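What follows is a set of notes on a single structure, which appears directly below.
The values are calculated or read from the model by the stated rules, or taken from the named source; none is laboratory data. All values derive from a computational prediction rather than experimental measurement. Here Cβ is always computed from backbone atoms with ideal geometry, including for glycine, and neighbour counts include all displayed protein chains.
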Amino acid sequence: MNSFSTPLSARLGLRYPLVAAPMFIISNKEMVVACAQAGILGSMPSLNCRTIEAFEEDLRWIRSKTDKPFAINVTIGLTDPARLAQDVDMCIKYDVPVMITSYGDPTGIVNKVHQHGMTVFHDVINLRHGRKAEAAGVNAIIGVSHGAGGHAGTLNPYVLIPWLREHLSVPIIAAGCISGGEQVAAALVLGAQLAYMGTRFIASTECGASDRYKQMVVDSTHDDVVYTNEVSGIHANFLKQTLPDAANPDRTPLGAKRWVDIWSAGQGVSQVRQVKPIEDIVQDIVREYHDAVARLSA
Ligand SMILES: Cc1cc2nc3c(=O)[nH]c(=O)nc-3n(C[C@H](O)[C@H](O)[C@H](O)COP(=O)(O)O)c2cc1C
């Protein structure tokens, strides 16, 4: 299918300006390679590998399968500092093309990895954090809107993306509720240079989610998504049925293991209808994108 691009996707060498966003427990090396083969940027959190040795093995495996770009996510404030330093060094050793930093100040990582020519994306939910990340020297800023899977902000993408674009000089990446090609087109119209999609890829054959989790994403709509800070202390979106007290999500006891038993997904579940291989998901999105653009110009 016809490729399309933005300055940032062209610079990264992607066929399409799409990112399969990092997801704790769910993203794995198979996804990263499938995304590379499908022409988009795959990613995974370093913490999906329990040990630094397992992380090195994964990087070696990815490097043996593809020479296309991919990304590794480090969750700064949620990671033991010693492990974080090891993960960053390992990314340098394997010349990881893109690092995605979240939950903390990326300055130290930017300074270190820029010396090796690596690119850094940092995710934010508002302009205040965006300004700090820009000052830290990141190469692009991910604006995470309301309704996103995982930790999400409160701003509507119609406001957040143009607002970040207007006030920052680095490229903006749109995240939150982008599950299909129409939304990709909308994100690019708003000025984003990449569309960053998590929830849609939970329903991929390759990812590490259980079959029940994948099917729940397919069966759910936005009505099944609850925005709460009761699970992790930070506001995030979860599938209602997996919250320990589904009837009273506002009074959730912290018994169940978060992310493992309590499953996260964004409002974009409404547009996810089938579990498919990543190559097919990407081709669906690209077709939907081209159809949407053709409708606009008709
Ligand atoms: C199950 C799940 C786990 C996630 N884990 C992480 C993570 O470890 N690190 C991170 O930076 N973002 C994480 N996110 C957020 C995604 O990277 C991305 O911002 C989000 O999924 C985009 O919104 P969407 O799900 O509506 O497409 C997670 C999201 C989900 C759904």
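Do we have ILE62 as touching a Lys or Arg at 6+ places or on another chain (Cβ under 7 Å), crowded, with 20+ Cβ neighbours inside 10 Å and aliphatic (A, V, I, L, M) here? Yes. When only residues in the stretch 148-173 that are among the small types (Gly, Ala, Ser) and surrounded by fewer than 24 Cβ atoms within 10 Å (Cβ to Cβ) count, which is nearest to ASP223 (Cα to Cα)? Out of the qualifying residues, it is GLY153. When we screen ILE76, ILE52, ILE25, ILE40 for residues that are among the aliphatic types (A, V, I, L, M) and out of contact with any strand residue (DSSP E or B) (no Cβ under 9 Å at 6 or more places or on another chain), the only hit is ILE52. Report whether or not SER3 is modelled with pLDDT under 95 and surrounded by fewer than 19 Cβ atoms within 10 Å (Cβ to Cβ). It is true that SER3 is modelled with pLDDT under 95 and surrounded by fewer than 19 Cβ atoms within 10 Å (Cβ to Cβ).
Suppose we keep only residues that are β-branched (Val, Ile, Thr) and surrounded by 24 or more Cβ atoms within 10 Å (Cβ to Cβ) within the stretch 174-213. Which one would you say is farthest from the ligand (Cβ to nearest atom)? Among those residues, the one meeting the criterion is VAL184. Residue check: GLU53 meets all listed conditions (1) more than 26 Å from HIS235 (Cβ to Cβ); (2) in contact (Cβ under 8 Å) with a residue 12 or more places away in the chain but one, namely (2).
Of all residue pairs spaced 6 or more apart or on separate chains, those with beta-carbon atoms under 6 Å, a first member in the stretch 111-131 that is hydroxyl-bearing (Ser, Thr, Tyr) and a second member that is surrounded by 15 or more Cβ atoms within 10 Å (Cβ to Cβ) are THR119/VAL98; THR119/ASN139.
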